[in-house]
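Take a look at the structure set out below.
The values are calculated or read from the model by the stated rules, or taken from the named source; none is laboratory data. Fair warning: this is a prediction, and the values are worked out from it, not measured in the lab. With ideal geometry, Cβ positions are generated from the backbone for all residues, glycine too; neighbour counts draw on all protein chains shown. Note: areas computed on protein heavy atoms with side chains; ligands, DNA, RNA excluded. Shrake-Rupley method; radii C 1.70, N 1.55, O 1.52, S 1.80 Å.
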Amino acid sequence: AKWILANEDRVASMSMGQVANECKLSDTSVLRLCRRIGMQGFTDLKFRIVADKARHAASKESILTRPLHGGAGIAKTLFEECADGLKSTLDEIGNSLDCATDIIESASEILIVGVGTSIPTVLATQEQLFLCGLKCRAQTDPYLQRMELALLESTAVVVAISHSGASIDSVEVLSRAKNKGLSTICVTGMPGSPLTLHSDVTLSALSPEIRNEPIAGRVVQFALVSALARSYASRHPQKAYTAERAAYGSVIEKTL
């Protein structure tokens, strides 16, 4: 508890295991602390910390800059957060995008899962990949995720998307996929989170925001999954071109 209070600026971007290592304790000890002080778990603790910091910052800002604070100023702050997130993600991407491309390149089909506020990114990922000519589908219902996973062949790939990396449904699906011997990929804003433990490749969409629903984080996720689709398309240009042309040709009559 003393370490967390002294390092609250770092906690938001750390996993429970990383905090445990810093304190030379087990993961279970950290979890017990969280529950003893009334939190549901470590992710709940992180969100409470960042929410408190956000309220404090907003209160201070309203006092200091209220006369100058307007729509353009808000947009500037948000756009800068998006730019910072994109830069941070690019700096840390390493060979993870190439590794993820290797996996989807050999997949017979791709199942993309996520729940709650991750649904827009799940749907965007499915759209980006099927326009490359890949056989893929999105599933956002936890019950149907289990059913579809049970019917997948051993050559399929499961992609799970969760900003916190701690969504119980997403973690469970990816864990079941690994136990079934399937290849797995995750897209998350929290490196070292529970979701990454069941992922062959982690695509980290980093953002500096301090709110429960990170808008900049979603922008970075969209850019990251688009980069994954383009990475695949660069290896199979004719297939991607043919698929995209056919897809858009089918709806051209719907445009004025």
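Remark: the stretch 112-118, residue by residue, has Karplus-estimated 3J(HN,Hα) of 10, 10, x, 9, x, 6, 7 Hz, where x stands for each Gly or Pro and the curve is 6.51 cos²θ - 1.76 cosθ + 1.60 at θ = phi - 60°.
Heavy-atom accessible surface of the chain, averaged per residue, reaches 56 Å², computed with a 1.4 Å probe.
Taking the longest Cα principal axis of the chain as reference, the axis of helix 119-130 is set at about 30 degrees. Measure nothing fancy, just the Cα-based angle from helix 71-92's long axis to the longest principal axis of the chain, in degrees from 0 to 90, nearest 10. Once rounded, one gets 70 degrees. Here the accessible area of the chain is 57 percent carbon and sulfur, with a 1.4 angstrom probe and all protein chains present.
For a Förster distance of 30 Å, can you work out the FRET efficiency between the beta-carbons of THR77 and THR117, rounded to the nearest 0.05? Using R0 = 30 Å, I get an efficiency of 0.90. For the stretch 106-164, GluC sites (Glu not before Pro) meeting the loop criterion (DSSP other than H, G, I, E, B) and having at most 11 other Cβ atoms within 10 Å: GLU153. Taking the C-alpha atoms only, the angle from helix 237-249 to the longest principal axis of the chain is near 90 degrees.
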